[in-house]
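J.: Structure in structure tokens, see below.
The values are calculated or read from the model by the stated rules, or taken from the named source; none is laboratory data. As the structure is a prediction and not an experimental result, all values here were calculated from the model. Heads up, the Cβs are rebuilt from the backbone with ideal geometry, glycines too, and the neighbour counts pull from every protein chain shown. With ligands, DNA and RNA removed, areas are computed over all heavy atoms of the protein, side chains included. Shrake-Rupley method; radii C 1.70, N 1.55, O 1.52, S 1.80 Å.
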Amino acid sequence: MTKRTFYVTTPIYYANSVPHIGNAYTTIVADVISRYKRAMGFDVMFLTGMDEHGQKVQSAAVEKGVDPQQYVDEIAEVWKRLLAAFDITSDEFIRTSEPRHERGVLKLFKRMVEKGDVYEGEYEGWYCRFEENFLTDLQVKDGKCPDCGRPVERSREHAFFFALSKYEKPLLEHYDAHPDFIRPDYRMNEARRFVQQGLRDLCISRSVQWGIRIPGSEDYTIYVWIEALINYLTGIGFGTDDELFSRYWPCDLHLLGKDILKFHCIYWPAMLMSADVPLPKSLYNHGWLRVSGQKMSKSVGNVVDPFYLAKEFGSDTVRYFLMRDIQFGQDGNFTEQNLIGRYNSDLANDLSNLVHRTLSMCKKYFDAQIPSGEASDGALAEMCESTFSAYCRFMDDLDFRAALEAVWKLISTANIFIDRERPWALYERGEMKKLGAVLYDVLETGRIILSMLQPFIPSAAGKMLGQLGVLAEPGADLPEQARWGGLLAGNKIGDVSPVFVKRKQPKPAPKGEAAKDDGHKKEKKVAEQTITINDFAKVQLVVGEIKSAEAVEGSKKLLKLSVDIGDEIRTAVAGMREFYAPDEMVGKKVVFVANLAPAKIFGVESQGMVLAAESKDMVSLLTIDKDVPIGSRIR
Ligand code: MSP
């Protein structure tokens, strides 16, 4: 029987710099999904790679005084090392400077031309050379690019355009007919709003040298974004290997960060429609990793190096932390302290405790042989079964945090079971049959837990399964592995040593007298009543502009607002209907809480909050009195 296929992609990474933990995040997510799907019996294709053309890369190469090809060859090696550092099991690595990519790009471009969707014209407007982006008057503030802050220039040139506007209606129809096409649903709304505001044809030529030439043109290359998107086809043989391509296309899941939604959820499907290529099944837009509440950036100096993390804490720990601590889809906060906290409590304490102490008891009481579980009451077996089905549901829904929470509930139940049954006391009383059943139940539960954890912490799960004496290939046939009864009585367990050992949490420096008794209590009380600067930094406040306001159906108090916060438009529900007419709010620049967890209020998904001052009979919006750009951080 042929296996069902599953094709998952990450964005391809810019070759103009080395990776940071934010880039590693998407790749780790893709790897967890790939390992899970393989274990569930799918024929998986996991594609990642490098975006190597364009102005940014050309400039970086010039700065280094090397040829762009040599430059990207060197950077690609660094990215490949990242894959190895995090045990990434990608199947294909596409680089856009490869000939196979160029062949596929030209094939797709030709189809778009043949459709009559590419035309020549004249472009006039603002241009940011660094971002290779054309900008409207509204986007340019003080002559600067809204994305990189560099000065923009007025440009008037001959150019090639893609008839994007023609796809306005087909895109909206596709969104309506496929509610899971763009996920989470609030990102679908964002894409829909963007299209509904009207699409303009897209300028798809650039005069940058380092790129793929537009056929028949000496002077122009294809806009790097248009060319880069096509990697999802060329990476699996479009234009070079028809059999491979038809095996995996259409793609099951494109993973991407929320910042590149417009390119993936609007331009990409429009290009595919134009070229008569079936659309991908789903695009998932995840949130951003921030560091101590702040955007990661070189200028702030808070960029987290993934190689350092892998070396210092191990790949499994970083993988586990990112998948467990961050609600997939939403922004998340990275701090080393949180990472160590999770490591200690979840991995070194809960998981390692369960597996290690059970194995030690098996060694001590049963001469390292799996005891018989005949006398078991079956309670843990039942819980393993229900946990596995919840786990699969959550994994299929890409809710990794919930999947791990379900597994951890099982871990904690098994730990409580040991404490309650007190195997050491059973041994002392010589109740060997009961002792055997208790230990078998916990060993077998541990085995099933580790099978479910294998996609997240592959190396540690493999080691621990080895200690349990399990010979199965890691990641083999998960439904089979999750079935109760895999451990056979009489089999020998392997070496017993803890895989995760507690780490010291770096202590904040003691504060003078606070370390001493008397002052200590007072200090503690003050600490309870106050928040630290780090606590405050967790609230991400930005300048937003209210674009529209309307009453929420069924509520006398609520207004539904659309708020532009710079890189996206958010919907927020505010209880201000009694104090503001909707029109009165439009155009106001307000203080917006951008990292509030989304909540459904009267059926509307609210993705943040506008701040207001409140007295007994009045509510007043907090507005910004100077012309600060939308999206500016408020501290
Ligand atoms: N080259 C383009 C993608 C082209 S795909 C046809 C690009 N590259 S990137 O290297 O800048 O970003 C790659 C991915 O990393 C994007 O999904 C982006 O959202 C993600 N991240 C970059 N910084 C991030 C965080 N701080 N946190 C999480 N993901 C982030 O865009």
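J.: Placing one identical point scatterer on every Cα of the range 385-495 and ignoring solvent, what is log10 I(q)/I(0) from the Debye formula at q = 0.14, 0.17, 0.24 Å⁻¹?
T.: Scattering profile of the range 385-495, log10 relative to I(0): -0.60, -0.85, -1.40.
J.: So for each of 270-276, 618-624, 7-13 I average, over its residues, the number of other beta carbons within 10 Å; can you give me the resulting order with the highest mean first? Please report the intermediate quantities before stating the final value.
T.: Values: 270-276: 20.6, 618-624: 14.1, 7-13: 24.6.
In descending order of packing, they fall as 7-13, 270-276, 618-624.
J.: Sticking with this structure for a sec: Let me check against my output: what whole-number percent is the relative contact order of the range 275-352, with C-alpha pairs under 8 Å and at least 6 apart? The partial results should precede the final answer.
T.: Numbers: 52 pairs, mean separation 29.7, N = 78.
After rounding, I find 38 percent.
J.: Gain in length, Val66 to Gln337, computed as 0.36 nm per residue apart minus the alpha-carbon separation, to one decimal in nm? Mind dumping the intermediate values first?
T.: Working: separation 271, 0.36 × 271 = 97.56 nm, distance 4.00 nm.
Between Val66 and Gln337, full extension yields an extra 93.6 nm.
J.: Find how much the distance from Ser345 to Ala537 grows on full extension, using 0.36 nm per residue of separation minus their present alpha carbon separation; answer in nm with one decimal. Intermediate results must be reported in sequence, preceding the final value.
T.: Details: separation 192, 0.36 × 192 = 69.12 nm, distance 2.44 nm.
Full extension from Ser345 to Ala537 adds 66.7 nm.
J.: Related question: Could you tell me the number of lysine pairs in the range 330-436 with C-alpha atoms less than 18 Å from each other, where the two lysines are 8 or more residues apart or belong to different chains?
T.: Working: Lys363/Lys433; Lys363/Lys434; Lys364/Lys433; Lys364/Lys434.
Number of lysine pairs found: 4.
J.: For the range 273-359, what does the convex hull of the Cα positions come to per residue, in cubic angstrom? Spell out each step's value before the answer.
T.: Values: hull volume 15.2 nm³, N = 87.
Hull volume normalised by residue count: 175 Å³.
J.: Which angle from 0 to 90°, rounded to the nearest 10, does the C-alpha axis of helix 185-196 make with the longest principal axis of the chain?
T.: It works out to around 10 degrees.
J.: In µm²/s, what is D for the range 152-280 at 10 °C and 1.306 mPa s, where D = kT/(6 pi eta Rh) by Stokes-Einstein and Rh is the Kirkwood radius from Cα pairs?
T.: Taking Rh from Cα pairs, D becomes 99 µm²/s.
J.: Long-range amide H contacts for Asp43: which residues qualify at under 5 Å (H placed 1.01 Å from N, peptide plane, sequence gap of 5 or more or a different chain)?
T.: For Asp43, whose amide H was placed from the backbone, the distant partners under 5 Å are Arg4, Thr5, Phe6.
J.: About the Cα centre of the chain, what is the dipole size in debye to 20, counting +1 per Lys and Arg Cβ and -1 per Asp and Glu Cβ, all else neutral?
T.: Values: 81 positive and 89 negative charges, 344 e Å.
Dipole size: approximately 1660 debye.
J.: If you fit an axis through the alpha-carbon atoms of helix 55-64 and take the longest principal axis of the Cα set of the chain, what angle between them do you get, 0 to 90°, nearest 10?
T.: The angle comes out near 80 degrees.
J.: With contacts defined as alpha carbon pairs under 8 Å and 6 or more residues apart, what's the relative contact order of the range 524-635 in percent? Numbers along the way, then the final one.
T.: Details: 227 pairs, mean separation 33.2, N = 112.
Over the range 524-635, the number comes to 30 percent.
J.: For n ≥ 4 DSSP H runs only, could you compute -39500 (n - 2.57) per run for the chain, divide by its residues and tell me the 222 nm figure to the nearest 500? Mind dumping the intermediate values first?
T.: Numbers: 23 runs with 254 residues, N = 635.
Computed ellipticity for the chain at 222 nm equals -12000 deg cm²/dmol.
J.: Of Leu106, Phe307, Phe194, which is farthest along the charge dipole of the chain in the positive direction, counting Lys and Arg as +1 and Asp and Glu as -1 at C-beta?
T.: Among Leu106, Phe307, Phe194, the one farthest towards the positive end of the dipole of the chain is Phe307.
J.: Now for a separate question. Please compute the contact order of the chain in relative form: average sequence separation of alpha-carbon pairs under 8 Å and at least six residues apart, divided by the residue count, as a percent.
T.: Numbers: 1055 pairs, mean separation 73.1, N = 635.
Dividing the mean separation by the residue count of the chain yields 12 percent.
J.: Can you list residues from other chains, or at least 5 along the same chain, whose modelled amide H is less than 5 Å from the amide H of Gln294?
T.: none
J.: Let me ask something else about it. Take the Cα pairs of the range 286-426, get the Kirkwood Rh, then feed it into Stokes-Einstein at 10 °C and 1.306 mPa s and tell me D in µm²/s.
T.: Working: Rh = 17.6 Å.
Taking Rh from Cα pairs, D becomes 90 µm²/s.
J.: Here's something else I'd like to know. Expressed in nm to one decimal, what extension gain is obtained for the pair Asp495 and Tyr123 from 0.36 nm per residue of sequence separation less their Cα-Cα distance?
T.: 127.0 nm
J.: Kindly rank 625-631, 590-596, 26-32 from highest to lowest mean number of other beta carbons found within 10 Å of each residue. Working shown, then result.
T.: Working: 625-631: 11.6, 590-596: 20.4, 26-32: 23.0.
Packing order, densest peptide first, comes out as 26-32, 590-596, 625-631.
J.: Using only the alpha carbons of the range 450-493, what is the convex hull's orientation-averaged projected area in square nanometres?
T.: Numbers: hull surface 11.2 nm².
Averaged projected area of the range 450-493's Cα convex hull equals 2.8 nm².
J.: When the accessible area of the chain is computed with all protein chains present and a 1.4 Å probe, what percentage of it is carbon and sulfur?
T.: Details: 15010 of 29710 Å².
So the carbon and sulfur contribution to the accessible surface is 51 percent.
J.: Turning to a different aspect of this structure: Please compute, for the alpha-carbon atoms of the range 553-635, the extent along each of the three principal axes and give them in descending order in Å.
T.: Result, largest extent first: 34, 27, 22 Å.
J.: Related question: If the cut-off is a Cα-Cα distance under 15 Å, which aspartates and glutamates reach Lys110, setting aside same-chain residues fewer than 8 apart in sequence?
T.: Hits, sequence-local ones excluded: Glu102, Glu120, Glu227, Asp276.
J.: May I ask for log10 I(q)/I(0) of the range 12-124 at q = 0.12, 0.16, 0.19 Å⁻¹, from a Debye sum over the Cα atoms as equal point scatterers with solvent left out?
T.: The Cα Debye sum returns log10 ratios of -0.58, -0.88, -1.03.
J.: Which listed residue (His286, Phe263, Cys251) has the Cα farthest towards the positive end of the charge dipole for the range 228-309, taking +1 on Lys and Arg C-beta and -1 on Asp and Glu C-beta about the Cα centre?
T.: Sorting the options by dipole projection puts first His286.
J.: Also: With a Cα-only, solvent-free Debye model of the chain, what are the log10 I(q)/I(0) values at q = 0.07, 0.09 Å⁻¹?
T.: Values, matching the q order: -0.55, -0.87.
J.: Could I ask something else about it? For the chain, give me every cysteine whose Cβ has no other Cys Cβ within less than 4.7 Å, ordered by residue number.
T.: Cys148, Cys203, Cys251, Cys265, Cys362, Cys384, Cys392
J.: Further question: Of Lys166/Lys547; Lys56/Lys295; Lys560/Lys589; Lys115/Lys281; Lys169/Lys258, which sit over 18 Å apart, Cα to Cα? Display every interim value, and only then the final one.
T.: On the way: Lys166/Lys547 26 Å; Lys56/Lys295 21 Å; Lys560/Lys589 16 Å; Lys115/Lys281 23 Å; Lys169/Lys258 23 Å.
Distance filter (> 18 Å) returns Lys166/Lys547; Lys56/Lys295; Lys115/Lys281; Lys169/Lys258.
J.: Okay, moving on. Based on the inverse mean of 1/r over its pairs of different Cα atoms, what is the Kirkwood hydrodynamic radius of the range 262-309, in Å? Please list the in-between numbers first.
T.: Details: mean 1/r = 0.0720 Å⁻¹.
About 13.9 Å, per the Kirkwood formula over Cα pairs.
J.: Hey, another quick one. Go from 0 up to the bin containing the longest alpha carbon distance in the range 122-201, width 5 Å each, and give me the % of pairs per bin.
T.: 3, 14, 18, 15, 17, 16, 12, 6, 1
J.: Under the Kirkwood approximation for Rh and a Cα-based Rg, what ratio Rg/Rh is obtained for the range 191-342?
T.: On the way: Rg = 19.5 Å, Rh = 18.7 Å.
Checking Rg against Rh, the ratio lands at 1.04.
J.: Apply the Kirkwood formula to the range 14-72: the hydrodynamic radius equals the inverse of the mean of 1/r over all pairs of different alpha-carbon atoms; give it in Å with one decimal. Please report the intermediate quantities before stating the final value.
T.: On the way: mean 1/r = 0.0740 Å⁻¹.
Here the Kirkwood hydrodynamic radius works out to 13.5 Å.
J.: Please give the helix 379-396 orientation as an angle from the longest Cα principal axis of the chain, in degrees from 0 to 90, rounded to the nearest 10.
T.: 10
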